[in-house]
Amino acid sequence: MMTKPNMTFCLTVAFLITGGGLSRAQRPSSTNEEPLQYRTWTDSAGKYQTEAAMVDYQDGAVHLRKKHGKTAIAPLGRLSREDQRYLREELARRRAREKESRPGPDRPTTPGAGAEWPGRRGPQRDGRLPEGNAGIAAKYPGDKGIDKDPAVLFADDFERSLSVADLRKRWEVLTNKANLSIAAGAGQKHGGEKSLLMTLPRQNAPLATGVAKLLTDTQDILFLRWYMKFDGGWSVPGGSVHNGASISSKYFDRGRATPGIRADGRNKFLVSFENENSTGDAPGHMNVYIYWPEQGDKWGDHFFPSGTVLPFSVKRSGAATFGKQFEARPDFSPQTDRWYCYEYMVKANTPGKRDGRIALWVDGRLIADFPNLRLRDVDDLEIDRFGLGLYIANNRNRANRKWHDDVVAATSYIGPMASSE
């Protein structure tokens, strides 16, 4: 690594230099605050370094103070892995210190709240998650310019895609591209004039299609938001169906999925937000399909908002898996022929702790929160891929279609698209 003297710490995009804007909660004071702890910060590419002390974390970025008094703002996603781990640990330490200094009895918290990953308007100190328009999208009506937000890693509204071939400019993986198309016209678009359409023909044989983004800058936490609509006549008989989005770490071996191979805490994890075809009205109840070290079957588990865990639900549901403070919520099936805003968070745990967490939102409403999770036992099992897809093992009833639009991936809560009117 090379240190460049007198250079603003560059994290792909330059740090913003500012003279203020630090929150009162973590700004050093002349009395009770600890002295500033200076250390070397490195960008995610390992090319630039700076000596500075952390003084605040807000709006998806860490605020640093250099020894000469100037401050720099570093987007979370542009920090090195070591710096991200340091940030997480330092914020947890500060929260614990603040809690100890409070007079009176401690307030109860949800599982893992003391070690919550920082996020823009993300989990509060009591572990609560944001909802509604409390996310990144609120600052960008119509999502215009949202890709420039420092917490945003990826955005695609499909407006720049004239054909399926153009998708490769944004997505590295196209699965069975003959089943993908760029749709336009009434009922086939959400925020703009185009959307991504996935179509599976009527047939008895298994078939999958979809798009995926590979993350060279791997993450410990990811929020993925997209809009989606199922065809009005959606109908799938019994059998395996995967019809939503996925976030994963090392689940794909040289580009190929690894179903039927258990996750062991060191090899992989997969978290999909999708519908379970066998429950509720078509397209089925929303749930998490997951490969994780404690899965009950080699084909993975299903987590439902109500707390039901499949398989072996009697022994594993609710508090047995998610901890005694788990809050059950009603199971939910979306309507067909209607656009919904879907978002979910996958937060990998600190190895050796059960502070992993998965949360689901629909139209900005929190519909499920699964804390107390162990997704990994090693630090280098980090999120390296996300995608949208459709797989049906037996599609003998009819051709089925599903539209997607306004995709955003970020390191903090995004929320529904804000009105541009």
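The values are calculated or read from the model by the stated rules, or taken from the named source; none is laboratory data. Values in this document were obtained by computation on a predicted structure and should not be read as measured data. Glycine gets a Cβ as well: all are built from the backbone with ideal geometry, and neighbour counts include every protein chain shown.
Okay, here's what the table says:
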item: Checking Gly46 against (1) at pLDDT 85 or above; (2) outside any loop (DSSP other than H, G, I, E, B), the condition it does not meet; result: (2)
item: Qualifying positions in region 200-237 - in a loop (DSSP other than H, G, I, E, B) and buried (at least 17 other Cβ atoms within 10 Å of the Cβ); result: Asp220, Asp231, Trp234, Val236
item: Output for region 181-191, where each listed residue is farther than 24 Å from Ile414 by Cβ and part of a strand (DSSP E or B); result: Ser181, Ala184
item: Selection count where residues are outside any loop (DSSP other than H, G, I, E, B) and either surrounded by 16 or more Cβ atoms within 10 Å (Cβ to Cβ) or among the hydrophobic types (A, V, I, L, M, F, W, C) (or both), scope region 314-328; result: 6
item: Qualifying residue in region 135-151 (condition: more than 30 Å from Leu366 (Cα to Cα), surrounded by 19 or more Cβ atoms within 10 Å (Cβ to Cβ), in contact with a Leu (Cβ under 8 Å, 6 or more places away or on another chain) and in the same structural domain as Leu381 (by TED's automatic domain parsing)); result: no
item: Matching entry among Lys148, Lys177 (being within 19 Å of the chain's Cα centre (by Cα) and either modelled with pLDDT under 60 or under 30 Å from Gly255 (Cα atoms) (or both)); result: Lys148
item: Lone qualifier among Pro293, Pro283, Pro305 - being within 17 Å of Tyr344 (Cα to Cα), in contact (Cβ under 8 Å) with a residue 40 or more places away in the chain and in a loop (DSSP other than H, G, I, E, B); result: Pro305
item: Residue check, Arg170 over 20 Å from the mean Cα position of the chain (by Cα), of a type in the set (Lys, Arg) and surrounded by fewer than 18 Cβ atoms within 10 Å (Cβ to Cβ); result: no
item: Any strands (runs of 3 or more DSSP E) falling wholly within region 329-406 and containing at least 1 residues that are in contact (Cβ under 8 Å) with a residue 12 or more places away in the chain and of a type in the set (Ser, Thr, Tyr); result: 340-347, 383-392
item: Yes/no for Asn275 being within 30 Å of Gly191 (Cα to Cα), at pLDDT 95 or above and buried (at least 18 other Cβ atoms within 10 Å of the Cβ); result: yes
item: Selection count where residues are at pLDDT below 65 and closer than 16 Å to Thr218 by Cα, scope region 61-114; result: 0
item: Selection within region 212-227 - under 21 Å from Arg401 (Cα atoms) and either in contact with a Ser or Thr (Cβ under 9 Å, 6 or more places away or on another chain) or among the basic types (Lys, Arg) (or both); result: Ala212, Arg225, Tyr227
item: Qualifying positions in region 51-88 - surrounded by fewer than 22 Cβ atoms within 10 Å (Cβ to Cβ), within 28 Å of Ala137 (Cα to Cα) and free of Cβ contacts under 8 Å to residues at least 40 places away in the same chain; result: Val55, Asp56, Ser80, Leu87
item: Extreme residue, nearest to the chain's Cα centre (by Cα), among residues of region 371-417 that are farther than 20 Å from Ser249 by Cα and acidic (Asp, Glu); result: Asp406
item: Checking Lys402 against (1) under 22 Å from Ala151 (Cα atoms); (2) crowded, with 22+ Cβ neighbours inside 10 Å, the condition it does not meet; result: (1)
item: Positions within region 174-225 being closer than 19 Å to Asn395 by Cβ and acidic (Asp, Glu), in sequence order; result: none
item: Residue in region 192-199 that is part of a strand (DSSP E or B), under 26 Å from the mean Cα position of the chain (by Cα) and within 21 Å of Ser412 (Cα to Cα) present; result: no
item: Checklist (1) at pLDDT below 95; (2) touching a helix residue (DSSP H, G or I) at 6+ places or on another chain (Cβ under 8 Å) applied to Lys189, failing item; result: (2)
item: Residue within region 284-296 that is modelled with pLDDT under 95 and on the phi < 0 side of the Ramachandran plot present; result: no
